[in-house]
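Structure first, commentary second.
The values are calculated or read from the model by the stated rules, or taken from the named source; none is laboratory data. Every value quoted in this text rests on a predicted model; they were computed, and no experiment measured them. Neighbour counts run over all protein chains shown; Cβ positions are idealised from the backbone, glycine included.
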Amino acid sequence: MRLFRFGPRGQEKPGVLVDGQHKDCSDYFEDWNHSFFNNNGLNELRSLIAEKKDNLPDSPPNARFSSCVSRPHMLMCIGLNYSDHAAESGMEPPEEPVIFQKSTSAVQGPFDDVIIPKNSTHTDWEVELGIVIGQNALYLESPELAKSHIAGYCISHDVSEREFQIQRSGQWTKGKSCPTFNPLGPYLCPAEEIGDVNNLAMELKVNGAVKQSGNTKDMIFNAHFLVYYLSQFMLLEAGDVLSTGTPAGVGSGMKPPQYLQNGDVVELSIDKLGKQKQTFVAYKD
């Protein structure tokens, strides 16, 4: 089972991929949102599939894929969570997770165009594993307990503008939060169906050339620890998304650096979570 959302922007409907078929669940659920996850929605969805799978209508075959969850209350990110990426960034691996936040207005569909911001010359790519929170989490006692607070996992493209993020100092948020800067999806894989989340291969290509090739086993702080850790400082709410960091191979780490230009095509994949593909387009007034 994989959850997805489809339809025109602002009119998205919830769907489920089961046995290779994309089904429309909008007669039974409003959306894959905070209320859904917070009210045992995944178990209700499983019951629906068991009882009525063959009666669910198909989603339109050419429908737009939206982000796999509706706009979250919070979009948190972890920086420098792969030692090879920290090295290419000229930084030491952190002793504790580096936390920053993105504006939720950055959330975008997995195949939608990404807009290179006005006055940007340093737009960069980052393939990441995304965690979707399944139930509210605060002051969890251990990483093991964090497992029961995770709904599932998705691909998160943490698009970044390096000049805004680093060269202009201050918090990283302003280089991470531009509109369209966080495609999510296409699918949310429930946590119990992912297998070993700490051993998923990931890859990113730019114009067909492989730039990033990594594995979640190389994360400094693994997925369960990150949910536990963040819960010590903030309330993680059902439906929130946490991006867990990127491996080496970002454009800013190349010699010379390489940044995205108008018309460039970026493709991302993570085992069991599907693929994304975006065309980057220059901002127009």
ask   = Checking VAL206 against (1) within 29 Å of HIS149 (Cα to Cα); (2) at pLDDT 95 or above, which test does it fail?
value = (1)
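Show me the strands (runs of 3 or more DSSP E) found entirely inside region 192-264 where at least 3 residues are closer than 25 Å to GLU161 by Cβ and of a type outside the set (A, V, I, L, M).
Here the list reads 209-215.
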note = Within region 31-59, residues more than 17 Å from GLY134 (Cβ to Cβ) and under 22 Å from the mean Cα position of the chain (by Cα) come out as none
ask   = Given the conditions (1) within 19 Å of GLY239 (Cβ to Cβ); (2) touching a Leu at 6+ places or on another chain (Cβ under 7 Å); (3) in the same structural domain as ILE131 (by TED's automatic domain parsing), and given that MET91 satisfies all but one, which numbered condition is not satisfied?
value = (1)
request  = Mind telling me which of the residues HIS85, HIS122, HIS149 ends up being modelled with pLDDT of 95 or more, crowded, with 21+ Cβ neighbours inside 10 Å and not small (Gly, Ala, Ser)?
outcome  = HIS149
remark   = When region 90-125 is checked residue by residue, the ones that are part of a loop (DSSP other than H, G, I, E, B), basic (Lys, Arg) and under 25 Å from PHE225 (Cβ atoms) are none
task = Please find, within region 136-146, the residue that is nearest to the chain's Cα centre (by Cα) out of those that are buried (at least 17 other Cβ atoms within 10 Å of the Cβ) and outside any strand (DSSP E or B).
result = ALA146
note = Scanning region 170-189 for residues that are in a strand (DSSP E or B) and either closer than 25 Å to THR123 by Cα or more than 14 Å from the chain's Cα centre (by Cα) (or both) gives ASN182, PRO183, LEU184
note = Flagged pairs (Cβ under 7 angstrom, 6 or more apart or on separate chains; first in region 68-94, farther than 26 Å from SER105 by Cβ; second among the polar types (S, T, N, Q) and modelled with pLDDT under 95) are PRO93/SER83
